[in-house]
Amino acid sequence: MSCHATGAGATGTATAERSTGTPFVALVGNPNVGKSTLFNALTGAHQRVGNWPGKTVAVAQGDWRTAGGRRLRVADLPGSYSLLPDSPDEALVRDVLTAPAGERPDAVVFALDAANPARNLYLLSQILDTDIPVVVALTMTDVAARRGTPPGAQALARELGLPVVRVEGRTGAGLDPLADAVWDALDLVPPPAGRISAWAAGSPVAAELADLVAEAAGRTPHPARWLAVSLLCGEEPPAVPAALAERAGAAAARLATAAEGAGAQDTDARSADTRSADLAAQGAGAQDTDAELLVAEARYAWAHAVIERAAPRPAGARPTLTDRVDRLLLSRGFGIPFFLAVMWGVFQATTVLAKPLQDGLGDFVSGPVSGGADRLLEAVHAPGWLTGLLVDGLINGVGQLLTFVPLMIIMFLLLALLEDSGYFARAAFVADRLMRTLRLPGRAFLPLVVGFGCNVPALAGTRILNRRSHRLLVGLLIPYMSCTARLAVYVMIAGVFFGSNSGTVVFFLYVASVLLVVGMGLILRPLLFRDMKEEPLVLELPPYRLPTLRVTGAQVWQKLAAFLRTAGGIIVATAAAVWLLMAIPAGAGHGGFGKVDVEQSVFGTVTRATAPLVAPAGFGDWHATAALGTGLVAKEGVISTLAQTYSADEDGDPKLTASLHATFEESSGGHQRAAALAFLVFILAYTPCFATLAAQRAEIGTRLTGIGFGIQLAAAWLLAVGVFQIARLVW
Amino acid sequence: MPSLNDSRPGTTVRITGIDPGQAGGSRRRLLEFGFVPGADVTVIARGATGGLLVGLGDTRVALDSRTAGRLRCGR
């Protein structure tokens, strides 16, 4: 089924044409107004998420089964502040709602936050310009009621001239009346285009706008009133008749001049003085945006008038409990310590708290599960290679995947809790200054911090970023955050080569990790994301709320399932593949399949062949490249592979220490400490593990993951060579 | 003319205009959030790393200090 209903709705013969298909309803509203909760309540399990055709914006769509067995198709369009778009998400909403006649939705359900009516009505005034039938779903009435007298549904309906239904997404109250209102709206014949919008009536732009709408009507497949006003605001929509664009430009210029001259006669003397002063200060160069200012003023004046008549209430912001908490949590003395404490808590939870669960699951798989499978296969006299493939390959791979599960649950749970409680917006505000160097929003701080624990949940955490370009850039940077799996390698190698100074070396690697992230960000942003400009912070801070378990739990489960689906297969397959390479002998006479020494396996042959590549970094030895090879699968494999290739024990075996010294001494030409440091820098900078690649692919796509993989190997090689060549002068 | 940045927490001021600033910039977003001439804005708190938390009716909006500095106000 196509994503646009065709033929129905906008032409005025909705009832007749709709028999050909299911009506298409767009769910629209500001961010944080309970829109997605409403969508879930409307569609239940009948929904799917996917990119909108031709766009990179993910949109959830679903079936809304209403009373009487009738169905509506609903799309949950991204939360949006305006039809004058500021992000790809908002551009999608504009494109869907202002598409040529016949491709537009048959109706809009507008989620209106009763606790925040003015800004919501601003967007509604823009949507009404598109001539699509609108039904208002009044949300958040409980929050609004706590703050005083919220506008009621009936009063709003009277003032707006639209159906208004009070809904409660969490309990499902009001959904049936909402469906009835939508069906009624679909049967209405829309009023003829060309009339003046309610918000514009009586404003300084009314006459010019009416003129432009008359000019546009019938000459464009797009909504005439929307087209006229967006031209007036300096937008440049495609395929606008030249005459119309010219007239709009002239009208905007006249409005700017008039506003400048007539300011003093404005009825509101206080704002009039200052407005003309403001316009004079801007000079003639900013004329085209002055019409935009007049339009914004007119829309807000209309919104305030509607609220005033629907629910008279005292003006001005009264301090709320949230305000009092914010005065403390954002204060200079307490704000940064609290922010750091929260980040520390997130870090602890994804490392310390997750560790026993991970170990437990890992031990369970490598112990009872593997042992049971072993005995079972033995009992049925399975050949050795099959046992190896199933137990050491597949079951081991599944075990590796399972150890990520508690980590991901904790990560998703924390993200949901932070977001739903309202603190996350505050954290973004506090970190804004810091992240500005990379032109990233403050929210990017969290996935990066989590990356110190484990890159895999950190990548999943990039979803909290609203812009795709931000998600992609952070997704490319996360692998350079030094995770705890790498720490184990640092401690072991540094202990062997640097003795009592190993603490300093490990610290140096963490500093290098942060520098690498910043440096890579500064290099990659202009290369890959040229259009990423420094953005002003204008961020809505929602009131603090207690997250509800049901909503949070559902979110966590959805995201975990998606992770297992997209990354699970790759993680298991690569673990099995590496086992296979180690099991296949590279030639005759090296023992049979599954019985060969690592050195004589295909894996050993490959790592021996690649050793000369890293010779300039001082560790061109097959033991080292074999360790780096298994380190690609998981960093935990580095030490065990070194031990295995030297036939030594993993923990503090003097044979392992002596062998490492001998190998690095030889490969570096007598500069073994320089080579060891280079090896550690390589471990820091190259691909952390295949699970990270799989998670990266799920978040940023195959192409960018491939590019990122190439950059990681190149950066690791260059840095390792640089470190070795410089350090050998000293050591 | 003073900017919003000059206002102390706890005070309410009236927006009189927005400095144009660089091309594109934040002007449109500010207008859309309701920072239109004539709107009353209450400064709630100053951010720990700079910037302002302001109240616009029941909405709470965080602004970086440069953006807050572009909002002209009087009372």
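The values are calculated or read from the model by the stated rules, or taken from the named source; none is laboratory data. No experiment lies behind these values; they were computed from the predicted model shown. Neighbour counts are summed over all protein chains in view; Cβ atoms, including those assigned to glycine, are modelled from backbone coordinates with ideal geometry.
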Scan the helices (runs of 4 or more DSSP H) fully inside region A:656-731 and keep the ones with 2 or more residues being more than 14 Å from A:PHE619 (Cβ to Cβ) and of a type in the set (Gly, Ala, Ser). A:690-700, A:702-730
Test set (1) in a helix (DSSP H, G or I); (2) in contact (Cβ under 8 Å) with a residue 24 or more places away in the chain; (3) surrounded by fewer than 19 Cβ atoms within 10 Å (Cβ to Cβ) - A:LEU472 fails condition number: (3)
Could you list, in sequence order, the residues of region B:21-34 that are surrounded by 17 or more Cβ atoms within 10 Å (Cβ to Cβ) and of a type outside the set (A, V, I, L, M)? B:GLY25, B:SER26, B:ARG27, B:ARG28, B:ARG29, B:GLU32, B:PHE33, B:GLY34
Could you list, in sequence order, all residues of region A:62-90 that are within 13 Å of chain B (Cβ to nearest Cβ), touching a helix residue (DSSP H, G or I) at 6+ places or on another chain (Cβ under 6 Å) and either polar (S, T, N, Q) or under 17 Å from A:GLN47 (Cβ atoms) (or both)? A:SER80, A:SER82
Which condition number in (1) modelled with pLDDT of 90 or more; (2) out of contact with any helix residue (DSSP H, G or I) (no Cβ under 8 Å at 6 or more places or on another chain); (3) not in a strand (DSSP E or B) is the one that B:ALA68 fails? (2)
Matching residues, region A:424-445, being in a helix (DSSP H, G or I), crowded, with 20+ Cβ neighbours inside 10 Å and more than 11 Å from chain B (Cβ to nearest Cβ): A:PHE424, A:LEU438, A:ARG443, A:ALA444, A:PHE445
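Evaluate the following for A:ALA382: is it assigned to a loop (DSSP other than H, G, I, E, B) and either of a type in the set (S, T, N, Q) or more than 12 Å from chain B (Cβ to nearest Cβ) (or both)?
On the way: assigned to a loop (DSSP other than H, G, I, E, B): yes; either of a type in the set (S, T, N, Q) or more than 12 Å from chain B (Cβ to nearest Cβ) (or both): yes.
In short, yes.
Could you please let me know if B:VAL61 is outside any loop (DSSP other than H, G, I, E, B), at pLDDT 90 or above and either more than 8 Å from chain A (Cβ to nearest Cβ) or closer than 16 Å to A:GLU297 by Cα (or both)? Before the answer, list the steps.
Numbers: outside any loop (DSSP other than H, G, I, E, B): yes; at pLDDT 90 or above: yes; either more than 8 Å from chain A (Cβ to nearest Cβ) or closer than 16 Å to A:GLU297 by Cα (or both): no.
No: the conditions fail for B:VAL61.
Does B:VAL43 satisfy the condition of being closer than 21 Å to A:ALA427 by Cα, more than 8 Å from every other protein chain (Cβ to nearest Cβ) and without any contact (Cβ under 8 Å) to a residue 40 or more places away in the chain?
Working: closer than 21 Å to A:ALA427 by Cα: yes; more than 8 Å from every other protein chain (Cβ to nearest Cβ): yes; without any contact (Cβ under 8 Å) to a residue 40 or more places away in the chain: yes.
Spelling it out, B:VAL43 is indeed closer than 21 Å to A:ALA427 by Cα, more than 8 Å from every other protein chain (Cβ to nearest Cβ) and without any contact (Cβ under 8 Å) to a residue 40 or more places away in the chain.
Residues checked against (1) modelled with pLDDT under 90; (2) of a type in the set (Ser, Thr, Tyr):
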site: A:LYS655; (1), (2): yes, no
site: A:THR663; (1), (2): no, yes
site: A:PHE682; (1), (2): no, no
site: A:GLY708; (1), (2): no, no
site: A:VAL721; (1), (2): no, no
Report the residue count in region B:15-28 for those that are at pLDDT 85 or above and at the interface with chain A (Cβ under 7 Å from one of its Cβ atoms). 2
Find all pairs meeting these conditions: Cβ atoms under 8 angstrom apart; at least six residues apart or on different chains; first residue within region A:68-85 and polar (S, T, N, Q); second residue surrounded by fewer than 22 Cβ atoms within 10 Å (Cβ to Cβ) and in a loop (DSSP other than H, G, I, E, B). A:SER80/A:PRO31
Hey, among B:PRO2, B:PRO37, B:PRO9, which residue is surrounded by fewer than 18 Cβ atoms within 10 Å (Cβ to Cβ), touching a Lys or Arg at 6+ places or on another chain (Cβ under 7 Å) and touching a residue at least 12 places away in the same chain (Cβ under 8 Å)? B:PRO9
Pairs only if they're at least six apart or on different chains, beta carbon under 8 angstrom, first in region A:331-359 and away from chain B (no Cβ under 14 Å), second not in a helix (DSSP H, G or I); list them, first residue then second. A:THR350/A:CYS454; A:THR351/A:CYS454; A:ALA354/A:CYS454
